[in-house]
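Trainee: Structure incoming, see below.
The values are calculated or read from the model by the stated rules, or taken from the named source; none is laboratory data. Keep in mind that what you see is a predicted model, and the values were worked out from it rather than measured. Ideal geometry is used to build each Cβ from the backbone, glycine not excepted, and the neighbour counts take in all protein chains shown. Keep in mind that these areas ignore ligands, DNA and RNA; they rest on the heavy atoms of the full protein, side chains included. Shrake-Rupley method; radii C 1.70, N 1.55, O 1.52, S 1.80 Å.
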Amino acid sequence: MTALLRLKGHEKDLGGGFKVRRVLPAAQRRSVGPFIFFDHFGPVTEVPGVDHDVRPHPHIGLATVTYLFEGAMMHRDSLGTEQLIEPGAINWMTAGRGIVHSERRPPHLRDQPFVNHGLQLWTALPLAQEEAEPSFSHTAASDIPQVTRGEAVVRVLVGEAFGERSPVPALSPTLYLDIALPAGARLELPPLAEEMALYPVEGRVHVDDESVEALAMVVLPPGPCVLHAPAGARIAVIGGAPLDAPRHMWWNFVSSRKDRIVQASADWEAQRMGQVPGETEFIPLPATQFTPPEPLS
C-alpha cells in the first residue's frame, strides 16, 4: 500500500481557554472531498462560571456540520432557529449568501458541570449553491442509519455506505461516518468516495499494515483497505467528490471569488448580515485585513 499522508493538526485557542485540534486545512492537504475545515474539541469538562460560548458570527459559501459524542450545545441563528444539539445528531447549517449564528451552553446546564466532546466541520458549497438561501437542518440521532459489519458499528452521518443512506441534505457528494471498532475488531472499508480520509477520535487503528495514532488524520489511497483496532477505536471517516473549483477561505468566509469575501467583510463590519434574535453580542471582524493565500483546490 502507498504510504499514508498524515495530517497531525495543531492546537488552537478559540478564546477563553476553549481549545480545539484543527486538522484541516493543512499545509500538506487543504481539503478532502468538500471538507475544508476539521476541528476536534474535547473531551473537556465545562464547569459553571467558565464561559466558552461562541458569540454571534457570520458565514458565507459553506455548510457547517456539527456532531457531538458527549455534551450539548444550543444553536441559534439569524433565521430564527433555536436548536439544542445533543450527541449522535447531525446539525447542518447552509450559509449560502450569508447567515449569522451562535453556539452557547444550554440553559439547563448553566449551573452544572458536563463534558463536551465533538467535531465541527465545514464543507464548501458547490459553485451553483455558493449564494443559495441560508438554511438549517437538524437530523436527530434516532434518524441516523446504523450498520453492523461483524463487530464494527458504522453510523452513516452523511452520504451513503454499506447499503444505507443518511437523510442529511448535503448539496454535493459527501461522506461522513462514525465507526466504532471494539478491541480486536476488523472492518473492510470500500472506496465509498472519490476522496477519503479517516481520523481516530479515540484509540490507535491499523490501516492495512500501517499504524495510525489517535488524533492524526490520514488521507486514504484509492481502493479498499482493512481497519483493525487491537485495543478498540472510534473513527471518523470523511470524504466525497473533490472541490469543483478552487476556494478562498478567510476567517468565517469561503468563496470562489476574492471580491465576495471582501464584500462579506464589509457587510459584517457594518452589521448588514442579520442578527440572532435576542442577542446583542457579536464577534468583530479580525483586525488583520483579508489577504488571501492560494485558494483551496
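Trainee: List the residue pairs whose Cβ atoms are under 7 Å apart, where the first residue sits in region 231-247 and is closer than 19 Å to Gly88 by Cβ, the second is open to solvent by less than 20 Å² (accessible area, probe 1.4 Å) and hydroxyl-bearing (Ser, Thr, Tyr), and the two are 6 or more positions apart or on different chains.
Mentor: Ile235/Tyr199; Ala236/Tyr199; Ile238/Tyr176
Trainee: Follow-up question, since we're still on this one. With the requirement that a residue be assigned to a loop (DSSP other than H, G, I, E, B) and within 20 Å of Trp122 (Cα to Cα), what does region 152-170 give you?
Mentor: Gly159, Ser166, Pro167, Val168, Pro169, Ala170
Trainee: Let me ask something else about it. Among the numbered criteria (1) out of contact with any Ser or Thr (no Cβ under 8 Å at 6 or more places or on another chain); (2) crowded, with 23+ Cβ neighbours inside 10 Å, which single criterion is violated by Pro48?
Mentor: (2)
Trainee: Give region 171-196 a look and list any residue that's crowded, with 21+ Cβ neighbours inside 10 Å and assigned to a loop (DSSP other than H, G, I, E, B), or say none.
Mentor: Once the filter is applied, which keeps residues that are crowded, with 21+ Cβ neighbours inside 10 Å and assigned to a loop (DSSP other than H, G, I, E, B), region 171-196 yields only Ala193.
Trainee: Now for a different question. Of everything in region 135-148, what is under 25 Å from Phe162 (Cβ atoms) and not in a helix (DSSP H, G or I)? Give them in sequence order.
Mentor: Once the filter is applied, which keeps residues that are under 25 Å from Phe162 (Cβ atoms) and not in a helix (DSSP H, G or I), region 135-148 yields Ser137, His138, Thr139, Ala140, Ile144, Pro145, Gln146, Val147, Thr148.
Trainee: Check whether at least one residue in region 75-92 is free of Cβ contacts under 8 Å to residues at least 60 places away in the same chain, open to solvent by 60 Å² or more (accessible area, probe 1.4 Å) and of a type in the set (Gly, Ala, Ser), and report yes or no.
Mentor: No: zero hits.
Trainee: Follow-up question, since we're still on this one. Taking the stated definitions as given, is Thr174 closer than 30 Å to Gly17 by Cα and β-branched (Val, Ile, Thr)?
Mentor: no
Trainee: Applying the selection to region 99-117, what residues are within 20 Å of the chain's Cα centre (by Cα), open to solvent by less than 10 Å² (accessible area, probe 1.4 Å) and under 22 Å from Gly278 (Cβ atoms)?
Mentor: Within region 99-117, Ile99, Val100, His101, Ser102 meet the criteria.
Trainee: Would you mind stating whether Leu62 is out of contact with any His (no Cβ under 6 Å at 6 or more places or on another chain) and without any contact (Cβ under 8 Å) to a residue 40 or more places away in the chain?
Mentor: no
Trainee: Name every residue in region 207-218 that is open to solvent by 10 Å² or more (accessible area, probe 1.4 Å) and either touching a Pro at 6+ places or on another chain (Cβ under 7 Å) or in a loop (DSSP other than H, G, I, E, B) (or both), in order of residue number.
Mentor: Hits for region 207-218 are Asp208, Asp209, Glu213, Ala214, Leu215.
Trainee: Which pairs turn up if I take residues in region 201-216 that are without any contact (Cβ under 8 Å) to a residue 24 or more places away in the chain and look for partners that are assigned to a loop (DSSP other than H, G, I, E, B) and open to solvent by less than 60 Å² (accessible area, probe 1.4 Å) with beta carbon separation below 6 Å, at least 6 apart in sequence or on another chain?
Mentor: Pairs found: Ala214/Gly203.
Trainee: Ok, one more. Need at least 3 residues that are modelled with pLDDT of 95 or more and closer than 20 Å to Val158 by Cα per element, so show me which strands (runs of 3 or more DSSP E) inside region 38-134 make the cut, counting only ones lying wholly within it.
Mentor: Working: elements: 54-59, 62-70, 73-77, 82-85, 90-94, 99-104, 114-124.
Those strands (runs of 3 or more DSSP E) span 62-70, 82-85, 90-94, 114-124.
Trainee: Just checking, which of Ile238, Ile261 is among the aliphatic types (A, V, I, L, M), closer than 29 Å to Val54 by Cα and outside any strand (DSSP E or B)? Lay out the reasoning, then the answer.
Mentor: Working: Ile238 fails: outside any strand (DSSP E or B).
Residue meeting the stated conditions: Ile261.
Trainee: For region 229-241, enumerate the residues that are over 23 Å from the mean Cα position of the chain (by Cα) and buried (at least 18 other Cβ atoms within 10 Å of the Cβ).
Mentor: Ala229 - this is the single residue of region 229-241 that is over 23 Å from the mean Cα position of the chain (by Cα) and buried (at least 18 other Cβ atoms within 10 Å of the Cβ).
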